[in-house]
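Got a structure here, written out as structure tokens. Questions coming.
The values are calculated or read from the model by the stated rules, or taken from the named source; none is laboratory data. Keep in mind the model is a prediction, meaning the values are calculated, not measured. Every residue, glycine as well, gets a Cβ built from its backbone with ideal geometry; the counts of neighbours run over all protein chains shown. Each accessible area value is taken on the protein alone, full model and side chains, heavy atoms only, with ligands, DNA and RNA left out. Shrake-Rupley method; radii C 1.70, N 1.55, O 1.52, S 1.80 Å.
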Amino acid sequence: SAFGSSFKTATYPKASVSFLPLKAMDMASAEISTLRIRAAIGQSGQQPGAFDKFTTYGAIRAPEGSGLSPGNLGNQNLKPEVSTEIEFGAEAGFFEDRVGLELTVWNRTVKDALIARQFAPSGGFTATQLDNIGELKANGIDVGITLNLVRGEDLSLSVFANGAYLKEEITSMGGAPPLKVGGSYPRYRNFIKEGFAPGAFFGPKLSPEAIPFDTDRDGAADNMTVLLAYFGVPRDPTLFANGLVRILNKDGNPYSPGVGGAAYYLDHPIGKPMPDWSGAFGLNMTLIKNIRIASLFEYKMGNFYVHNLTDAFRRQHPTIGRNIHGPSELEAVLLDPASSAQQRADAALVWAKQYLALSPYDGLNEIEKIYMVRWRELSITYDIPSEFTSWFSVGNASLSFAGRNIALWTDYTGIDPETNVYSFGGGGTFGNNFGVGIDAFGVPISRQYVFSLKFGL
């Protein structure tokens, strides 16, 4: 068993019921052709990995001799998480099913959620350990409509659209402190924290003053006189990371990281990586009986945030970055002996409010609220007539062309809003800890075109 020694059996009961009012009441309607009302309740779950309950060690070699290093802490109390969901819905067809509507409202509670938890490193085990510490509540609405616009022998056309609303909240951490996705690596700003959506982004917030600089390090925001004095000579923007730019502390009061300790990033929520709304729309068409066309678009929007870490490196990193036009222009002004103090000060303000990122301001100017619509697929299929397939002694044949990820419309400034530095789900530290919405160290989703010939004997 993958479960701990104190757990033996997992059961996931389910039940569902549906009701057809028109048939039950022997009613006929010219407008309503079909109607179904349904409800369901059930449980499902996720089990820990086969070896998560065991304490493990790894072998090491050193000039002083062989030894062991702590691996997995182990947990004999592991048990599967249990997700209980209740849903109500309805399906209806109108005007001989030319119009179809579907609606589902659901509510889900996940108890004993499996989360990779960090235990005290003083025990010698620094790796995260899977533990049943969480409770997650979620609810949503799924809606869809299908319109059969044309039904003919030589032409048929239907269009469809659907949408799904999702709201999630971590309601309990079982007394555990907030957990950070990605361990101690500071760049990733996803956290597991009570009262927020799983994987929510947290990071520093820029001080709201017109001049969020403290170049003289007196603990107060500079005025223009002080700022111009500082930029009376060329300045390297890399120095801004040394506590010169003011951010907010946990009480919402401004201070510089170099004057008063570390930033309280967990007190500044920025957004969440899962959109409020997602869905698809498209069409299906048949022409002259044997030509079939299908097109699919997908969208995500509404409180949808992506961590644009790739561009943070491109614009901010002093050795591997600075290959974006805007930051390069500002850097040139800041380093140019011929520029004026006012020009350098203006460039510095733009730098702080739009481009400053990475340590010690990880998350600042990096996490974007976006929308996206992607033309996911277009396919055209030609069913070869039987009088031609008989020449080759085949029963049926078709020739098709398909394009995938054809186009993208978005206000996202990074590489691709759907790329992610880690795969989501499937266990492991990052899968279980909701490491999503992180655009880093990847390439855009590829555009593909496929031609195929299929036949049956």
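Could you tell me the calculated FRET efficiency between residue 50 and residue 108, based on Cβ-Cβ distance and R0 = 25 angstrom, to the nearest 0.05?
0.40
Once a ≥ b ≥ c are taken as the square roots of the eigenvalues of the Cα gyration tensor of region 107-228, is the result rounded (a/c under 1.5), prolate (a/b larger than b/c) or oblate (a/b not larger than b/c)? Don't jump to the answer; show the numbers that get you there.
Details: a/c = 3.37, a/b = 1.46, b/c = 2.31.
In terms of gyration-tensor shape, oblate.
Can I ask one more? What full-extension length gain, to one decimal in nm, is calculated for residue 411 and residue 84 as 0.36 nm per residue of separation minus the Cα-Cα distance? It would help to have the intermediate numbers written out before the result.
Details: separation 327, 0.36 × 327 = 117.72 nm, distance 3.67 nm.
Full extension of this stretch gives 114.0 nm more.
Let's test the formula: R0 of 25 Å, r as the Cβ-Cβ distance of residue 156 and residue 94. What FRET efficiency results, to the nearest 0.05? Could the numbers behind the result be given before it?
On the way: r = 18 Å, r/R0 = 0.72.
According to the calculation, E is roughly 0.90.
Sticking with this structure for a sec: In whole angstrom, how far apart do the alpha carbon centroids of region 31-46 and region 82-111 sit?
Centre-to-centre (Cα) distance: 5 Å.
Could you tell me which of 134, 282, 412 has its Cα farthest along the dipole of the chain towards the positive end, charges placed at Cβ (Lys, Arg +1; Asp, Glu -1), taken about the Cα centre?
Going by the charge dipole, the pick is 134.
Full extension from residue 29 to residue 350: what is 0.36 nm times the residue separation minus their Cα-Cα distance, to one decimal in nm?
Working: separation 321, 0.36 × 321 = 115.56 nm, distance 6.49 nm.
Here the segment from residue 29 to residue 350 would lengthen by 109.1 nm.
Using +1 at the C-beta of Lys and Arg and -1 at the C-beta of Asp and Glu, which of 226, 308, 435 has the Cα lying farthest in the positive direction of the dipole of the chain?
Sorting the options by dipole projection puts first 435.
Mind checking the angle between helix 341-350 and the chain's longest principal axis? C-alpha axes, 0 to 90 degrees, to the nearest 10.
Rounded to the nearest ten degrees, it is 40.
If you don't mind, there's one more thing I want to ask. Taking the Cα centre of region 306-372 as origin, sum charge times position over the Cβ atoms of Lys and Arg (+1) and Asp and Glu (-1), and report the length of that vector in debye to the nearest 20.
Numbers: 6 positive and 8 negative charges, 7 e Å.
Using Cβ point charges on Lys, Arg, Asp and Glu, region 306-372 gives about 40 debye.
Here's a follow-up. When only Cα pairs under 8 Å and 6 or more residues apart are kept, what is the percent relative contact order across the chain? Intermediate values should be presented prior to the final figure.
Working: 1113 pairs, mean separation 51.8, N = 457.
Reported relative contact order: 11 percent.
Then there's this: By a straight-distance test (C-alpha under 19 Å), which aspartates and glutamates pair with residue 111 as possible cross-link partners, with residues fewer than eight away in the same chain excluded?
Result set, ordered by chain and number: 52, 81, 85, 87, 131, 135, 168, 169, 194.
Would you list 325, 307 from the most to the least accessible area, probe 1.4 Å? Walk me through the numbers on the way to the answer.
Details: 325 130, 307 0 Å².
So, going from the largest accessible area down, we get 325, 307.
Assign unit charges at the C-beta atoms only (+1 for Lys and Arg, -1 for Asp and Glu), then state the dipole size of the chain relative to its Cα centre in Debye, rounded to the nearest 20.
Values: 39 positive and 45 negative charges, 177 e Å.
That gives a dipole near 840 debye.
Can you give the accessible area of residue 239 in Å² (nearest 10), computed on protein heavy atoms with a 1.4 Å probe?
Accessible area, nearest 10 Å²: 70 Å².
Related question: Given a cut-off of 18 Å, name the pairs among 137/272; 300/353; 272/369; 14/167; 250/272 whose C-alpha atoms lie farther apart than that in the structure shown. Please report the intermediate quantities before stating the final value.
Details: 137/272 15 Å; 300/353 27 Å; 272/369 9 Å; 14/167 23 Å; 250/272 20 Å.
Going by Cα-Cα distance, 300/353; 14/167; 250/272 fall outside the 18 Å limit.
Remind me, relative contact order of region 125-213 in percent, using alpha carbon pairs under 8 angstrom and six or more residues apart?
Working: 130 pairs, mean separation 20.7, N = 89.
Worked out over region 125-213, it gives 23 percent.
How about region 133-212: which chymotrypsin sites (Phe, Trp or Tyr not before Pro) there are in a DSSP loop, with at most 15 other Cβ atoms within 10 Å of their Cβ?
Details: sites: 160, 165, 188, 191, 196, 201, 202; in loops: 188, 196.
Within region 133-212, no chymotrypsin sites (Phe, Trp or Tyr not before Pro) qualify (loop, at most 15 other Cβ atoms within 10 Å).
While we're here: What accessible area, in Å² to the nearest ten, does a 1.4 Å probe give for residue 11?
Taking all protein chains as shown, residue 11 has close to 100 Å².
Right, something else. In region 332-390, if the dipole is taken from +1 on Lys/Arg beta carbons and -1 on Asp/Glu beta carbons about the Cα centre, which of 389, 359, 375 is farthest to the positive end?
In region 332-390, that residue is 359.
What's the extension gain from residue 10 to residue 149 if we count 0.36 nm per residue and subtract their Cα-Cα distance?
Length difference between fully extended and current span is 45.2 nm.
Starting from the 7 Å offset along Cα-to-Cβ, what nm value, one decimal, do you get for the label separation of residue 457 and residue 391?
About 2.1 nm, to one decimal.
In debye to the nearest 20, how big a dipole does region 355-413 give about its Cα centre with +1 on each Lys and Arg Cβ and -1 on each Asp and Glu Cβ? Before the final figure, lay out each step's value.
Numbers: 4 positive and 7 negative charges, 12 e Å.
Its charge dipole is roughly 60 debye.
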